[in-house]
Amino acid sequence: MTQKWKSRMDSALEFLGLRGMRLSAYEQDVLPGKHRDKSGEFYLKEFECLRREIELVIQFARTLERNVVVAIGISWAWLFHERDAVPRWSWLIPCFFAFLGAIRAFGNFRYFMSTAHYLKKVELTFSDGSDPGGWHRFAPRSWTRASVLAFWALLIFATIGVTVYELGRR
């Protein structure tokens with residue numbers, strides 16, 4: 001980091017009222033580790049919070065699945081009841097529910113996997129050869145992934161199938 005750049009950063013931070021709050025990546029590497037003796041405690045607390053967050057994400061995923069099925073069911077019930085009075089495009093509404101739910105579920109899955117990958121690293125850091133090594137060594141995820149994928153695929157295909165059938169009968 002050049003002195004000219006550093007002085008510009010200092011003046012900008014002073015102007016914004018943030019002087020003294022800056023700790024760049026460069027400074028973190030150069031400064032001696034002030035808190036390295038407490039890093040284990042930090043990682044354990046972070047691990048606890050992230051595990052709780054994963055539990056909430058899983059709970060949200062199940063709630064999302066239930067709510068999308070309910071929304072599709074209610075919209076189908078209304079569409080079948082009002083079959084002759086609704087425009088043709090209205091049969092696409094359940095498909096949108098299914099697609100939007102699947103997109104949201106995919107986002108949750110990506111977040112879940114990145115958090116789980118990080119937690120696996122933390123578990124491996126704190127374990128040695130004599131202990132079990134953390135939950136990630138024993139928790140197979142293949143069945144969970146396959147069942148979630150099957151759920152969303154069947155839901156999307158079912159809504160598309162009903163939509164195609166109803167649009168074709170008119």
FRET efficiency, 1/(1 + (r/R0)^6) with R0 35 Å, evaluated for Phe151 and Trp78 via beta carbons: 0.90
Once the piece of chain linking Ala85 and Lys45 is laid out straight, how much longer is it, given 0.36 nm per residue of separation minus the C-alpha distance between them? 8.6 nm
Quick check: from the Cα gyration tensor, does the stretch 36-168 come out rounded (a/c under 1.5), prolate or oblate? prolate
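Throughout, read-outs are computed from the coordinates displayed, never taken from laboratory work. Worth saying up front: this structure is predicted, and the values here are computed from it rather than measured. Because the Cβ atoms are built from the backbone with ideal geometry, glycine has one as well, and the counts that use them run over all protein chains shown.
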